[in-house]
Amino acid sequence: MSLTLEDPRVIEFDVRTDEMLVNMGPQHPSTHGVLRLLLRTDGEIIHEITPHIGYLHRCAEKIGENLATPQWVPYTDRMDYLAGMNMNLGMALAVEKLIGLEVPEKAMTIRVLVAELGRIASHLVGMGAYGLDLGTFSPFLYAFREREIILDLFEELCGARLTYSYFTIGGATHDLPDIIPIPPGLAALTKRNKNMKLTWLEAVEMFLNWLEPRIQEYHTLLTRNQIFIKRTAGLGILTKELAISHGCTGPVLRGSGVDFDLRRDGEPIYTRYYTGYDFDVISAPFEDAPREAVLGDNWCRFFVRMMEVVQAIKLVRQAMAKYPKSQGTYRVPYKMSAKLPVDEAYLETECPRGAMGFYIVGNDKAEPYRARAKSSCFCNLSVTAPLCEGFLLADIPAIVGSLDVVMGEIDR
Amino acid sequence: MDTLLAANSLAEYLQTNGVPFFGPLDESTAMIFAAVVHVALVGAWFGLPAGLFIWAERKISGRIQDRLGPTRCGGKFGWLQSLADGIKLIQKEDLVPKDADGLMFRLAPYIVVVASFVGYIALPFSDGWAAMTLDVGLFLTLAVLSLEVLGVILAGYSSGSKWALFGAMREGAQMVSYEIPMAICALCPIVTAGTLNLNEVALLQSGGAWNWNILHPFNFFAFFVYFTCATASCKRAPFDLAEAESELVAGFLTEYSGFRWSLFFLAEYASMFLVSGLAVVLFLGGWDDGFGIITAIKTAFPDGLGNFIANVIGLKVFLVKSSILVCVQIWVRWTLPRLRIDQVMTTCLKYLIPISCFLFAGTVAYPLVLAKMFGQTSIIGAPAGERLVQPREVPGSTSLESNGINPAGVQVSTASAERSQP
């Protein structure tokens, strides 16, 4: 065997490159819980991506068929654990639609107020976790600092910090609390006395006053950051047609330029909650977008979330002004043993991550014959493969993160 | 005391004065003894900044993120946290994955540590206070620093994990590319100074802030390019692609745990301090305080205790300057998102290399153009390129000048005047 190479093509055929199968998840740090992505890569370029789900399946829907509807409420906030309030609301509304229950005005005001606070908390996590996906830690901790106060406020409201079960059939479990000790985080941030007492609504007002100027800072840190724009703008472009055909909803759909929000365009039983409120539906394209941004890219989806926080703040403020004038009670009684009519009802509500639907079939029993949840994240996740293929490995967290999926909701 | 200070090295001191109860030592014993002491000292300088900056990173990142950082361990500010973590890491199970190539897997952390450890050899902490004052100081430092990438590639390749392999591939591409503009930018002050000896480069900038290389118009930009490249070659954010936790789990560190993992960590912080120290020596005047105080003390007391005190002050100035640069690296890390690998490579190959080449050419041409047009080679401070110290004797001889302490050398006007006379 000689060491000289007679024909340079020999070595060319000798060194064969192969595709590599990489298993990303379910314990990968950036797959938002337990998503498993099977990648077929050529170096760092993704040729094929297959999402595998089901690692967080907890039989929530089957359990719902063995429980009275108010008993199923605690299972719903464990689906999308970052927006428990909104999930409770969607489920309660579906049952109310089935039995034809009208809630009083006061309960409606409370529901809007608290659900929009929940939306702020959820989008803050979405923002922070997206920063984490792109490799910056600090926005995540800032987001959690703000969210912590919302959780403190919710704790005063219903005793729970994550799984609230606050909205139930017929209204909410409690009225808004009156005098509360100031949440420690809020006292530290606004430099108030730690032993201060104030009403719950005052605390919310104080928090919103703190949060509003911070949003500009997040824009400086992330949205307008040149590296952030380089990593997000023009990447993961989800066209309007693709978004609609995959059934995407929420900020993902609006980021693709579809002006659709169930709070405005949904069923009357849900939209009447928001009549009389002044808010905008945020959808791409944006006039102040950076030059590199394309309709339906990561940047647009992220920006929709950020702008929705502003709108949610606006809604909370209006609900706070409306609350003292609201008539009626916070809840109409609903008996646990009340029988559901032999009928079916399906209702979608606008959760932070998209249109979350609940389907309840009654069978003249307290327990529903069928209880099903239609996940928004499931549809949003289904666009992963068309979006990621052909991009680099580093773009997967950027694209999947911009879809902002919660696996608990997908697997239920 | 005076003899110890005047001696060229510890070995020489041991040969002439000896140790208590043993008397003067013969040459080989003295050399071995001196080597042990030197290694211990450099080792301390290696471990100390690493431990200190790990603590500082936690504390600073805590403050940046509106947290407290460590508060309990060691009393007030959690200053013993790094030590406590080190002890914890040493106790951990010695894990080698089944698929790993055992020998290379075990070898990799030592290569990385030794590479950044040896880089400290030529770094002068104060006038003549280097483990070895080498005439090829910068060359050695850069060469040894680029050895670090070998350990990283070895770690990634031998781990038997695809994430580690990805990390190693990225790291290999990134570090090798960034070495080029980094070295070219480090050469700019070398051209200005006319020597590769780091001690002399720093000495030429002493006497006041107006003598620092950073005020040279081309070196000014070279400093920022150098610092960017140095950040990248230390694998620090926003260039921390090799261990990008959101993409590659932990990159080449994925399979490492316990003591080996902590060695990688120590090496990272040590090389952070090393490249910052190099930046201080090359661009920011080394141990010079900027007001000429140290130079004044040195001129007043050319040898003995006064000189020693001046060196101690210089050491502190050097440490403060380097620490500020390290803190800038920490600050950047906790602020910016991570770049993507193609963007990192584009930044290097399309922007930094041409810029650094231009700066290098500019540094070479600048004194010539000035001399042609104005008849002088510098605008600010003493003339660049002519601020040469007196020629020195070869290190190793017993004369005082070869100790790296040369008070005459800092008197720039004398030196240049002597040179200008044919």
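The values are calculated or read from the model by the stated rules, or taken from the named source; none is laboratory data. Since the model is a prediction, treat every value here as computed from it, not as a measurement. Glycine also receives a Cβ, built like all others from the backbone with ideal geometry; neighbour counts cover every protein chain displayed. Remember, those area values only see protein heavy atoms, side chains included, never the ligands or the DNA or RNA. Shrake-Rupley method; radii C 1.70, N 1.55, O 1.52, S 1.80 Å.
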Next on the checklist: Looking only at region A:25-68, filter to residues that are open to solvent by less than 10 Å² (accessible area, probe 1.4 Å), assigned to a loop (DSSP other than H, G, I, E, B) and away from chain B (no Cβ under 12 Å); which one of those is modelled with the lowest pLDDT?
Outcome noted: A:LEU35
Checklist entry - Can you spot a residue in region B:230-240 that is basic (Lys, Arg) and within 17 Å of the chain's Cα centre (by Cα)? => result yes
Checklist entry - In region A:134-146, is there at least one residue being open to solvent by 10 Å² or more (accessible area, probe 1.4 Å), more than 19 Å from the chain's Cα centre (by Cα) and without any contact (Cβ under 8 Å) to a residue 40 or more places away in the chain? => result yes
Item to check | Checking B:ASN199 against (1) open to solvent by 10 Å² or more (accessible area, probe 1.4 Å); (2) more than 13 Å from chain A (Cβ to nearest Cβ), the condition it does not meet | outcome: (1)
Item to check | Meets criteria (within 14 Å of chain A (Cβ to nearest Cβ), in contact with a strand residue (DSSP E or B) (Cβ under 7 Å, 6 or more places away or on another chain) and closer than 30 Å to A:ARG231 by Cα) for B:ARG340 | outcome: yes
Checklist outcome for this item: Restricting region A:131-172 to residues that are in contact with a Cys (Cβ under 9 Å, 6 or more places away or on another chain) and part of a loop (DSSP other than H, G, I, E, B), the one farthest from the other protein chains (Cβ to nearest Cβ) turns out to be A:SER165
Checklist entry - Within region A:180-191, how many residues are open to solvent by 60 Å² or more (accessible area, probe 1.4 Å), in a loop (DSSP other than H, G, I, E, B) and touching a residue at least 12 places away in the same chain (Cβ under 8 Å)? => result 0
Next on the checklist: I'd like the full set of residues that are in contact with a Pro (Cβ under 7 Å, 6 or more places away or on another chain) and closer than 29 Å to A:LEU117 by Cα, limited to region A:336-383.
Outcome noted: A:MET336, A:ILE360, A:LEU381
Next on the checklist: Among the residues of region B:172-217, what is the count of those that are modelled with pLDDT under 85 and aromatic (Phe, Trp, Tyr)?
Outcome noted: 2
Next on the checklist: Checking the conditions here, which among B:GLY277, B:GLY285 is away from chain A (no Cβ under 14 Å), part of a helix (DSSP H, G or I) and buried (at least 24 other Cβ atoms within 10 Å of the Cβ)?
Outcome noted: B:GLY277
Item to check | Residue under evaluation B:THR71, criteria (1) among the β-branched types (Val, Ile, Thr); (2) touching a residue at least 24 places away in the same chain (Cβ under 8 Å); (3) surrounded by 12 or more Cβ atoms within 10 Å (Cβ to Cβ), criterion not met | outcome: (2)
Checklist entry - Which one is surrounded by the fewest Cβ atoms within 10 Å (Cβ to Cβ), of the residues in region A:375-412 that are assigned to a loop (DSSP other than H, G, I, E, B) and more than 14 Å from chain B (Cβ to nearest Cβ)? => result A:GLU389
Checklist outcome for this item: When region A:258-273 is checked residue by residue, the ones that are hydrophobic (A, V, I, L, M, F, W, C) and in a helix (DSSP H, G or I) are A:LEU262, A:ILE269
Item to check | Matching residues in region B:169-179 - criterion: being over 13 Å from B:ALA230 (Cβ atoms) and more than 14 Å from every other protein chain (Cβ to nearest Cβ) | outcome: B:VAL176, B:SER177
